[in-house]
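Enquirer: One structure follows; several queries about it will come next.
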């Protein structure tokens, strides 16, 4: 009796199986699973990138919108703030000025009067402070030299042509609508 290398003799019957076909199917199956795993991983990463970018764009948009909503362009009417601001000049007002700090002496503010008229004036004294003699007017006689807490005393830079706290008295902080950040003149 003769045996071949596989341990079978000549009379043994062996079913032949095509190893290359089975191996090829396994390779095909593995590569298909590998491809789908890679594809889903890639799609997951892309989706994460898209979501991150979308969130960033939304946050940037909200920040820009908030920034733009904080500022208003106001036109100076009259000559009371000359030489700092001229009649017809546009100034940038921040209505959320309190985000950057309180109103201080020297700030130029926009005050809304009852009835809707607005004044642009410089703060010369805050609540609790005494009004400097230079800025005394008829209202000082009526209301005293010390500014009440929660009020501001404002004067125009061009005092000869300004109706301000010297005549009207100090204004409540609640009437301050914004702080002037800067001014510019439009091109002719």
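The values are calculated or read from the model by the stated rules, or taken from the named source; none is laboratory data. Predicted, not measured: the structure shown is a model, and the values here were computed from it. For neighbour counting, all protein chains shown are included, and Cβ atoms are generated from backbone atoms with ideal geometry for every residue, glycine included.
Enquirer: Restrict the check to the range 48-58 and report whether at least one residue is under 30 Å from residue 100 (Cβ atoms) and surrounded by fewer than 10 Cβ atoms within 10 Å (Cβ to Cβ).
Expert: Checked the range 48-58: no residue is under 30 Å from residue 100 (Cβ atoms) and surrounded by fewer than 10 Cβ atoms within 10 Å (Cβ to Cβ).
Enquirer: Moving on. Quick one: residue 182 ticks every box in (1) surrounded by fewer than 17 Cβ atoms within 10 Å (Cβ to Cβ); (2) under 18 Å from residue 95 (Cα atoms); (3) modelled with pLDDT of 85 or more except a single one, so which number is it?
Expert: (3)
Enquirer: Any residue that is out of contact with any strand residue (DSSP E or B) (no Cβ under 8 Å at 6 or more places or on another chain), exposed (fewer than 10 other Cβ atoms within 10 Å of the Cβ) and modelled with pLDDT of 80 or more - is there at least one of those in the range 8-31? Explain how you work it out, then say what you get.
Expert: Narrowing the range 8-31 to residues out of contact with any strand residue (DSSP E or B) (no Cβ under 8 Å at 6 or more places or on another chain): 8, 10-31.
Now restrict to residues that are exposed (fewer than 10 other Cβ atoms within 10 Å of the Cβ): 10-11, 13-21.
Filter once more, so that each one left must be modelled with pLDDT of 80 or more: none.
Scanning the range 8-31, I find no residue that is out of contact with any strand residue (DSSP E or B) (no Cβ under 8 Å at 6 or more places or on another chain), exposed (fewer than 10 other Cβ atoms within 10 Å of the Cβ) and modelled with pLDDT of 80 or more, so the answer is no.
Enquirer: Residue check: is residue 103 in contact with a helix residue (DSSP H, G or I) (Cβ under 6 Å, 6 or more places away or on another chain) and either assigned to a helix (DSSP H, G or I) or assigned by TED's automatic domain parsing to the domain that holds residue 135 (or both)?
Expert: Numbers: in contact with a helix residue (DSSP H, G or I) (Cβ under 6 Å, 6 or more places away or on another chain): no; either assigned to a helix (DSSP H, G or I) or assigned by TED's automatic domain parsing to the domain that holds residue 135 (or both): yes.
No, not satisfied.
Enquirer: Inspect all residues belonging to the range 93-100 and state whether any of them is out of contact with any strand residue (DSSP E or B) (no Cβ under 6 Å at 6 or more places or on another chain), modelled with pLDDT of 85 or more, within 30 Å of residue 149 (Cα to Cα) and assigned by TED's automatic domain parsing to the domain that holds residue 160. Break it down stepwise before answering.
Expert: So the first thing to find is which residues in the range 93-100 are out of contact with any strand residue (DSSP E or B) (no Cβ under 6 Å at 6 or more places or on another chain), and the list is 96, 98-100.
Retained after the next criterion (residues that are modelled with pLDDT of 85 or more): none.
No, the range 93-100 contains no residue that is out of contact with any strand residue (DSSP E or B) (no Cβ under 6 Å at 6 or more places or on another chain), modelled with pLDDT of 85 or more, within 30 Å of residue 149 (Cα to Cα) and assigned by TED's automatic domain parsing to the domain that holds residue 160.
Enquirer: Which of the residues spanning the range 117-131 are surrounded by 13 or more Cβ atoms within 10 Å (Cβ to Cβ) and either assigned to a loop (DSSP other than H, G, I, E, B) or not assigned by TED's automatic domain parsing to the domain that holds residue 159 (or both)? So that I can check it myself, show each step before the final result.
Expert: Filtering the range 117-131 down to residues surrounded by 13 or more Cβ atoms within 10 Å (Cβ to Cβ) leaves 118-127, 129, 131.
Those that are surrounded by 13 or more Cβ atoms within 10 Å (Cβ to Cβ) and either assigned to a loop (DSSP other than H, G, I, E, B) or not assigned by TED's automatic domain parsing to the domain that holds residue 159 (or both): 127, 129, 131.
Enquirer: Then there's this: Across the range 155-174, what is the total count of residues that are in a helix (DSSP H, G or I) and within 17 Å of residue 104 (Cα to Cα)? It would help to see each step written out before you state the result.
Expert: Step one: of the range 155-174, the residues in a helix (DSSP H, G or I) are 159-161, 165-168, 173-174.
Narrowing the set further to residues that are within 17 Å of residue 104 (Cα to Cα) leaves 165, 173-174.
So the answer is 3.
Enquirer: Here is a follow-up. Could you say whether any residue in the range 150-157 is free of Cβ contacts under 8 Å to residues at least 60 places away in the same chain and out of contact with any helix residue (DSSP H, G or I) (no Cβ under 8 Å at 6 or more places or on another chain)? Can you show your working first?
Expert: Pass one, the range 150-157, residues free of Cβ contacts under 8 Å to residues at least 60 places away in the same chain: 150-155.
Next, from what is left, pick out any that are out of contact with any helix residue (DSSP H, G or I) (no Cβ under 8 Å at 6 or more places or on another chain): none.
There is no residue in the range 150-157 that is free of Cβ contacts under 8 Å to residues at least 60 places away in the same chain and out of contact with any helix residue (DSSP H, G or I) (no Cβ under 8 Å at 6 or more places or on another chain).
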